[in-house]
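A.B. asks: What follows is a structure written as structure tokens; I'll ask about it next.
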Amino acid sequence: MNIEIINIGDELLIGQVVNTNASWMGQQLSLAGFKVQQFTIIGDEREQILDAMWKAGERSEVVLISGGIGPTKDDITKTTLCDFFGTRLVFNEEAYKDVEAIFARRGYEVTELNRQQAYLPEECTSIPNKLGTARGMWFEKDIPVQGRTGKTIYVSMPGVPFEMQAMMKEYIIPELKTRFHPKSFYHKTILTQGIGESFLAALIEDWENNLPPSVKLAYLPQPGMVRLRLTGTGDHEASIRALVEEEAGKLSAIIPEHIFGEDDELIEAIVGKLLKEKKCTLGTAESCTGGYIAHLLTSIPGSSAYYKGSIIAYDNTIKEQMLGISKGTIEKFGVVSSEVVTEMAIGAQSRLDVDYVIAVSGIAGPDGGTEEKPVGLVWIAIATPDEVFSKKFLLGDSRERNIRRAALQALNLLRKNLLA
């Protein structure tokens, strides 16, 4: 059974709003065992909506639609749905009571514009919206497709993400599972850092070639890391889960030095957990990353238990004054060097009074590079209670990616040291 998703909104087409609805819906449906066949993004135009709905119904048994059912004039989805299904808008007393209740909680009177939210297509089954005024609408229609029996299901939902998500979780996905009994799916993601996708593929080629037919592998690269997603499919959830876990165990044995976590784990959270277990503190001294490592660390709840602070020494004068770096070291070796980043780590360890320090200096780009020290050159030092060590990285020519990659490389260096 295939599902197609249609996202409606001019703001999506012009890039004013990022279409997070599509990725979230696809993820949740996949986890529930359904196959999403296609995503379609269209504008707030009647003919576009009608054309997309008809074509989607020919391809898929279920069509999920988000957007265009608000109270303003540009929200034309409801009237277009009436045209498609040959019905009309009628006042729904239950829906109006919900609108009244929402406005009462907010201390407002219901305006005539908001009252329009209680008008729904006569032929639909309405889906309550506990978080907003726009109800969902469930339709079923005969779409003549050779080899298919039964009606095509169309479900229209609000485009507001949290309203759509609640509707999907509480009503739509459970109802689809009851009707279609999808196969069991089990996903497990192995998180790797410090190795590129092609090098990783070469290391695990034999294992990948011998995966059982019911288990598939997907490479999901992003700046600074590669996620390896294993997906098992079958009729029995327990056996599929066991098979995927077995294969994940084999993979972990092949590339243990490149794996830092699983599924939704964050490397900054893993580092924090290790520091808490050791009852140790951490500080950072950042140049090219401009505080990004500090941002990642402090985004974790409870990080104040181990993270004490950062010295963002972007300018050479600040490096000298705040971190105590010798001017002679900078003049002799250059700011982006093992010697300077080592002194940054030592200086921060003393001034912040911490057990560990991450120090980073590099050329993020797009300019500032030379033949000897190109854009993407980064030196990272780790100060521990016993030693200071540094490592050189060549990360690429994109400023944004270089900052992200440098931060993840630095955190992973510390993680490995904490585990040693």
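A.B. asks: Pick out, from the stretch 61-169, the strands (runs of 3 or more DSSP E) lying fully within it that include 2 or more residues that are in contact with a strand residue (DSSP E or B) (Cβ under 7 Å, 6 or more places away or on another chain) and within 20 Å of residue 4 (Cα to Cα).
C.D. replies: In the stretch 61-169, the matching strands (runs of 3 or more DSSP E) lie at 62-66, 125-127, 136-141, 152-157.
A.B. asks: If a residue must be part of a helix (DSSP H, G or I), under 24 Å from the mean Cα position of the chain (by Cα) and either assigned by TED's automatic domain parsing to the domain that holds residue 407 or not hydrophobic (A, V, I, L, M, F, W, C) (or both), how many such residues does the stretch 193-241 contain?
C.D. replies: Final tally of qualifying residues: 3.
A.B. asks: Name, by its number, the condition in (1) of a type in the set (A, V, I, L, M, F, W, C); (2) farther than 21 Å from residue 385 by Cβ; (3) not in a helix (DSSP H, G or I) that does not hold for residue 280.
C.D. replies: It is condition (2) that residue 280 fails.
A.B. asks: Still on this model: Which of (1) on the phi > 0 side of the Ramachandran plot; (2) surrounded by 24 or more Cβ atoms within 10 Å (Cβ to Cβ) is the odd one out, the single condition residue 368 does not satisfy?
C.D. replies: (2)
A.B. asks: Here is a check on your reading of the model: is residue 219 surrounded by 13 or more Cβ atoms within 10 Å (Cβ to Cβ), at pLDDT below 95 and over 22 Å from residue 54 (Cβ atoms)?
C.D. replies: no
A.B. asks: If you don't mind, another one. Spot the failing condition for residue 181; the list is (1) in contact with a His (Cβ under 6 Å, 6 or more places away or on another chain); (2) free of Cβ contacts under 8 Å to residues at least 24 places away in the same chain, and only one is missed.
C.D. replies: Result: residue 181 fails condition (1) only.
A.B. asks: Restricting attention to the stretch 255-269, and to residues there that are assigned to a helix (DSSP H, G or I) and touching a helix residue (DSSP H, G or I) at 6+ places or on another chain (Cβ under 6 Å), which single residue is nearest to residue 196 (Cα to Cα)?
C.D. replies: Here the residue is 267.
A.B. asks: From 102, 6, grab the single residue that is modelled with pLDDT of 95 or more and β-branched (Val, Ile, Thr).
C.D. replies: 6
A.B. asks: For residue 193, indicate whether it is under 30 Å from residue 71 (Cβ atoms), of a type in the set (S, T, N, Q) and modelled with pLDDT of 95 or more.
C.D. replies: no
A.B. asks: Something else now. Please list, ordered by first then second residue, the pairs with beta carbon atoms under 6 Å, 6 or more apart or interchain, first in the stretch 281-298 and polar (S, T, N, Q), second in a helix (DSSP H, G or I).
C.D. replies: Note: pairs meeting the criteria are 284/293; 284/294; 289/403; 289/406; 289/407.
A.B. asks: Checking residue 244 against (1) among the aliphatic types (A, V, I, L, M); (2) surrounded by 14 or more Cβ atoms within 10 Å (Cβ to Cβ); (3) out of contact with any Lys or Arg (no Cβ under 6 Å at 6 or more places or on another chain); (4) outside the structural domain of residue 409 (by TED's automatic domain parsing), which single condition isn't satisfied?
C.D. replies: (3)
A.B. asks: While we're here: Can you pull out every residue in the stretch 152-192 that is among the aliphatic types (A, V, I, L, M) and assigned by TED's automatic domain parsing to the domain that holds residue 214?
C.D. replies: 190, 191
The values are calculated or read from the model by the stated rules, or taken from the named source; none is laboratory data. Computed from a predicted model, the values in this text were never measured in an experiment. For neighbour counting, all protein chains shown are included, and Cβ atoms are generated from backbone atoms with ideal geometry for every residue, glycine included.
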